[in-house]
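These notes are about the structure you will find just below.
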Amino acid sequence: MANTVKPEPYWWDAAPRRTEAPATLPARVDVAVVGGGYTGLSAALTLARRSREVLVFDADATGSGASSRNQGHLGVNRHFYARATAAYGKEKAHRLFREDEAALEFTFDLIRHEKIECYLQRNGRFVGAAKPGQYEQMAREAEALRREIGYEVHTVPRAEVRQHIGTDDYVGGELRPREGCVHSALFHNGLLDRALEAGAKVVSETPVQHIERTKDGFTISSPKGKVQARDVLIATNALSGDLIPYIKRRILPLNGAGIATEPLSPELIRSVVPGMRPCVDTRKVGRTVRPSPDGTRIVYGGRATMAERDPLVSGVKLRAIMCSVFPQLSDARITHSWFGPTGITFQMMPHIGLYQGMHCALGYSPYGVAQAPYLGHKAALRILRANDAATAFDDLPFETRPLYYGNPWFLPAVVAYYRYKDFVSR
Ligand SMILES: Cc1cc2nc3c(=O)[nH]c(=O)nc-3n(C[C@H](O)[C@H](O)[C@H](O)COP(=O)(O)OP(=O)(O)OC[C@H]3O[C@@H](n4cnc5c(N)ncnc54)[C@H](O)[C@@H]3O)c2cc1C
């Protein structure tokens, strides 16, 4: 496989990464945004549309982080309601779930209103239950979501699973009709275009090295020079690095992996995803499968990993998992294999807040396709001191743990434990 597999996201074939390089950096802007993924660009778009001078820094080609590597599932966080109820009680959980729903609606609307061509699809998402106990829990949670919140979720008994996904690996599942998917990197490129058209400036391959508070704002230092900014937004998510140790101590960077098959026959594609919609499962180390946006390939994801660095090695393992679930794909060649960084908070909820006068929005777990554009927009509204800036996430804690300084040394053990739990739990 090694000679013919591209060690980069399938998504980059249609949407290659871009390098923006303004002739000179402005000496002063209203807002400096650190990070050119969905969060940073959505914020830049909102700010530029309201006549603010904005400069987005990206350490790499713009958006080569998670925003152009993800699988493009557009949904609410499946664990949100139960987790929020346990942590904060029912009333707060309702508000948090509504906010997550608002994020989903915001992102669907954003793509439509901005006319971003990124294969937006809203034909539902299927979630497969890997174990009977998980199916029972799923059915209870679906019932609570319908009854208490009015969120549409249809429980799918075992006998009907094959209408949704072409495997006997699942003992049941659920269909979430209001969810869907996009082409992740085309979405990112479209957002970049809109932000540039609105007047935002973007500088790629320019890491922010240092941010210093001044009497009327901040001085941002980069290899291309210094820029003064009245406000700063940190939108670096899993790639936050050493820039702000406070944030580094509060974000767990987890590596997800993806593969794409060669073009396959329509019959073979439908034998895997009969509904031509994205599917995910209840495993703790979850697996995702979807048709490519043009319906010609299977794109598969999973295997959170920290130790592996070579996507070609990981691709072989991920393909083996895919073929064990979908034996009909045993002859399908893999053409792309890649990793991507997901940022997770210890409280497993996204964070939007202020640290030493700097705004930040990050930590979406694997639900940032909807949440990141929304919270980027909300962070921009906070900078603008707009009346509609508030979110239910505003007062959540941004936790760290003793002995965690940004190197998640314990994650390989945690992932191994979760794999073991996936194997033994009922
Ligand atoms: C493999 C994978 C699959 C996923 N699948 C899904 C999915 O199907 N659905 C879903 O909802 N979510 C998914 N996610 C999560 C989702 O992609 C992210 O939550 C979202 O893209 C985060 O966007 P962001 O803008 O906050 O961060 P990113 O897109 O990671 O952007 C951060 C940017 O900050 C820049 N940066 C970092 N440090 C500096 C610095 N010092 N100076 C300048 N720039 C800096 C980086 O270069 C990077 O471009 C997935 C993630 C991965 C990795």
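The values are calculated or read from the model by the stated rules, or taken from the named source; none is laboratory data. Note that the structure is predicted; figures quoted are calculated from it, not measured. Backbone-built Cβ (ideal geometry, glycine too); neighbour counts: all protein chains shown. The area values use the complete protein model at the heavy-atom level, side chains included, leaving out ligands, DNA and RNA. Shrake-Rupley method; radii C 1.70, N 1.55, O 1.52, S 1.80 Å.
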When the residues of region 255-268 are narrowed to those that are among the hydrophobic types (A, V, I, L, M, F, W, C) and crowded, with 21+ Cβ neighbours inside 10 Å, which ends up nearest to PRO366 (Cα to Cα)? ALA257
Which listed residue is open to solvent by 40 Å² or more (accessible area, probe 1.4 Å), charged (D, E, K, R), more than 14 Å from the ligand (Cβ to nearest atom) and touching a strand residue (DSSP E or B) at 6+ places or on another chain (Cβ under 7 Å), from ARG230, ARG213: ARG230
Check on PRO22, more than 27 Å from the chain's Cα centre (by Cα) and within 16 Å of LEU192 (Cα to Cα): yes
Residue ID - farthest from the ligand (Cβ to nearest atom), chosen from residues in region 178-195 that are assigned to a loop (DSSP other than H, G, I, E, B) and under 21 Å from VAL299 (Cβ atoms): HIS183
Quick one: in region 40-73, of everything that is within 18 Å of SER184 (Cβ to Cβ) and surrounded by fewer than 24 Cβ atoms within 10 Å (Cβ to Cβ), which residue is nearest to the chain's Cα centre (by Cα)? HIS73
Scan of region 257-275 for residues that are closer than 16 Å to LEU329 by Cα and within 16 Å of the ligand (Cβ to nearest atom), ordered by number: GLY258, ILE259, ALA260, VAL273
Taking only pairs six or more apart or across chains, which ones have beta-carbon atoms under 6 Å, a first residue in region 3-15 that is over 15 Å from ALA61 (Cα atoms), and a second residue that is among the polar types (S, T, N, Q)? VAL5/SER337
Of (1) in a helix (DSSP H, G or I); (2) modelled with pLDDT of 95 or more; (3) among the aliphatic types (A, V, I, L, M), LEU175 satisfies all except one. Which? (1)
Would a scan of region 323-330 turn up a residue that is within 13 Å of the ligand (Cβ to nearest atom) and either buried (at least 21 other Cβ atoms within 10 Å of the Cβ) or in a helix (DSSP H, G or I) (or both)? no
If you take just the strands (runs of 3 or more DSSP E) that sit entirely in region 224-315, which of them hold at least 3 residues that are farther than 13 Å from GLN71 by Cβ, more than 20 Å from the chain's Cα centre (by Cα) and touching a residue at least 24 places away in the same chain (Cβ under 8 Å)? 225-234
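Could you tell me whether any residue of region 15-30 is farther than 30 Å from GLN137 by Cα, within 7 Å of the ligand (Cβ to nearest atom) and open to solvent by less than 40 Å² (accessible area, probe 1.4 Å)? Outline the logic, then answer.
Going through region 15-30, the residues farther than 30 Å from GLN137 by Cα turn out to be 15-30.
Next cut, within 7 Å of the ligand (Cβ to nearest atom) only: none.
Taking every residue of region 15-30 in turn, none turns out to be farther than 30 Å from GLN137 by Cα, within 7 Å of the ligand (Cβ to nearest atom) and open to solvent by less than 40 Å² (accessible area, probe 1.4 Å).
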Does ARG176 satisfy the criteria of being in contact with a helix residue (DSSP H, G or I) (Cβ under 8 Å, 6 or more places away or on another chain), among the basic types (Lys, Arg) and either under 20 Å from ALA61 (Cβ atoms) or open to solvent by less than 50 Å² (accessible area, probe 1.4 Å) (or both)? no
Right, GLU136: of a type in the set (D, E, K, R), within 15 Å of ARG158 (Cβ to Cβ) and out of contact with any strand residue (DSSP E or B) (no Cβ under 6 Å at 6 or more places or on another chain) or not? yes
